[in-house]
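Notes follow once the structure below has been shown.
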Amino acid sequence: MNIKIDKFVVSIIIVILLAYLFPQWGTQESKFPINTISSIGISLIFFFYGLKLSPSKLKAGLKNWKLHVLVQLSTFLLFPILVLLVHPFIQNKEQETIWLAFFFLAALPSTVSSSVVMVSMAKGNIPGAIFNASISGIIGIAITPLWMGLFVNEIQSDFDFTDIYLKLILQIIVPVIIGLFLQRFLGAFVQKHNNKLTLFDKSIILLIIYKSFAESFEGNIFSAVSFVDLMLILVGVIILFSLAFFSPVFYQKNYN
């Protein structure tokens, strides 16, 4: 059997290893401006996506309401329900804590940058990905606390979402709009160098992954979890991902 190894997956493993060995490069105190670079990189990613989008593709993508409903229901209904099904089997407080972490993961929307880059790598519907990733981030501000409020009583309801909205608009929406306006002038150039831009997308995602794990390793977050529990969490994440991934695919193939 020919097993094809994805180079990007290998790169992720290498980046996590680097974060473990050299976490100081990705922390807030680091002299290396990793936050600035990743923020600018994300804005450039969406600017380039705007350059790639023709008006016809954008209209077709936004009109696909069945796709939008499927994505949002999968994000905010399917994921949480899958984790809820496991709750009756919880036997102690330690398992409850791990389960609650899974439930929080299931109730959260996906990060916009990762969602769109992954769809782009799979040669999927980029306009639909940008729309759904952006909308789910806004919907999640209301839906995620509602889900978590079922099991956590101390949810803060007076949180100021202004910074989140501003970041979403300035870092994602504005670059896409600028790219759309310039598409007629630079669209052909971007298509010509699409492979290089894909490499750029992956590099920014790897930088974000490194930063996240570096902060986790520097803060000794994983020290509170035993190796056995960590392996169980890994298996649980793979199972949850597989169920949530293949369910919408099965639905699309059989009911569209």
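The values are calculated or read from the model by the stated rules, or taken from the named source; none is laboratory data. Not measured: the values here are computed from a predicted model. Backbone-built Cβ (ideal geometry, glycine too); neighbour counts: all protein chains shown. For accessibility, only protein heavy atoms count, side chains too; no ligands or nucleic acids. Shrake-Rupley method; radii C 1.70, N 1.55, O 1.52, S 1.80 Å.
Laid out as a table, the results:
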item: Using θ = phi - 60° and Karplus 6.51 cos²θ - 1.76 cosθ + 1.60, couplings along segment 90-99 (whole Hz; Gly, Pro as x); result: 5, 10, 8, 5, 5, 5, 4, 5, 5, 4
item: Computed FRET value (nearest 0.05) for Lys59 with Ala244, which takes r as the C-beta separation and R₀ as 30 Å; result: 0.55
item: Separation between Cα centres of segment 166-201 and segment 69-134, rounded to whole Å; result: 26
item: Cleavage-rule hits, trypsin sites (Lys or Arg not before Pro), segment 103-194, DSSP coil, Cβ neighbours within 10 Å at most 10; result: Lys123
item: With every protein chain in place, the chain: carbon and sulfur % of accessible area (1.4 Å); result: 70
item: Whether segment 124-224 is rounded, prolate or oblate, judged on the alpha carbon gyration tensor where a/c under 1.5 counts as rounded; result: oblate
item: C-alpha long axis of helix 7-21 to longest principal axis of the chain, angle in °; result: 50
item: 0 to 90° range, to nearest 10: angle between helix 174-192 axis and the chain longest Cα axis; result: 60
item: Unit Cα scatterers, Debye sum, the chain: log10 I(q)/I(0) for q = 0.11 Å⁻¹; result: -0.72
item: Over the chain: helical MRE at 222 nm, DSSP H runs n ≥ 4 each giving -39500 (n - 2.57), nearest 500; result: -24000 deg cm²/dmol
item: Per residue value of the accessible surface for the chain (all protein chains in place, 1.4 Å probe), Å²; result: 66
item: The chain, relative contact order [Cα under 8 Å, separation at least 6], %; result: 39
item: Degrees, to the nearest 10: 227-255 long Cα axis against longest axis of the chain; result: 50
